[in-house]
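See below for the structure under consideration.
Values in this text are rule-based calculations from the coordinates and carry no lab data. Model, not experiment: these values are computed from the prediction. For neighbour counting, all protein chains shown are included, and Cβ atoms are generated from backbone atoms with ideal geometry for every residue, glycine included.
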């Protein structure tokens, strides 16, 4: 935001409340919800830390975009994974920021090492952009809001039904849906029903027979084709009758 707003220390839990800070960026209004730093514990104890965690969860529920701020000097914790997983389950737009990058000794493949560990611990975040910054030196600080604006744009992106169905024909031709029972599965067409999160409805004859693996395949193909970087997307499978089978994916 360009200027100090809060009194902070390096000790997690110093700030217990979530602080709302309105600001403008490129003629658009935003509210930064600054939450308490969480201690690296596998279990939530009573007292300050419990309420800090509760307020973090409440802040995630209120937010459109969740910025998961990690300390580059420290290993990923169970707490980090739980918070990220909760944001993902809530279908939030997500980006990951490693702070204190100025304190990390760099090698040619340092960033790749961090990404490999991040995706090993949190494979569900592979759709989220990752930044390496230093709040102290302002290194790449400007990239945060640039990325937020890009994610917001992606979350509101609409794909035409005609384009989606051309995509669908290619995907099914490459790998048609099957079921162990041998029953015939046919996907008639796909359409985008909503944005924030982008929601796609697949109309088919027997939605209950679409396997988990095939749902994941369709989801991955949608991402590969249309990107949606930083944005959770939802897939819904519907039959021609009242029967409906829903599955939410990143």
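Give me the percent of Cα-Cα pairs in the range 61-137 that sit more than 14 Å apart, rounded to a whole number. The answer is 61 percent, as a whole percent.
Average 1/r across all pairs of distinct alpha carbons in the range 161-248, invert it, and you get the Kirkwood radius: 13.2 Å. Dividing the mean sequence gap of close Cα pairs (under 8 Å, 6+ apart) by how many residues the range 19-155 holds gives a relative contact order of 20 percent. Both radii are taken from the alpha-carbon atoms of the range 83-229; with Rh as the Kirkwood radius, Rg/Rh is 1.06.
A protection proxy built from the mean count of other Cβ atoms within 10 Å ranks the segments 91-97, 205-211, most packed first, as 91-97, 205-211.
Pairwise inverse Cα distances across the range 19-155, averaged and inverted, put the Kirkwood hydrodynamic radius at 15.9 Å.
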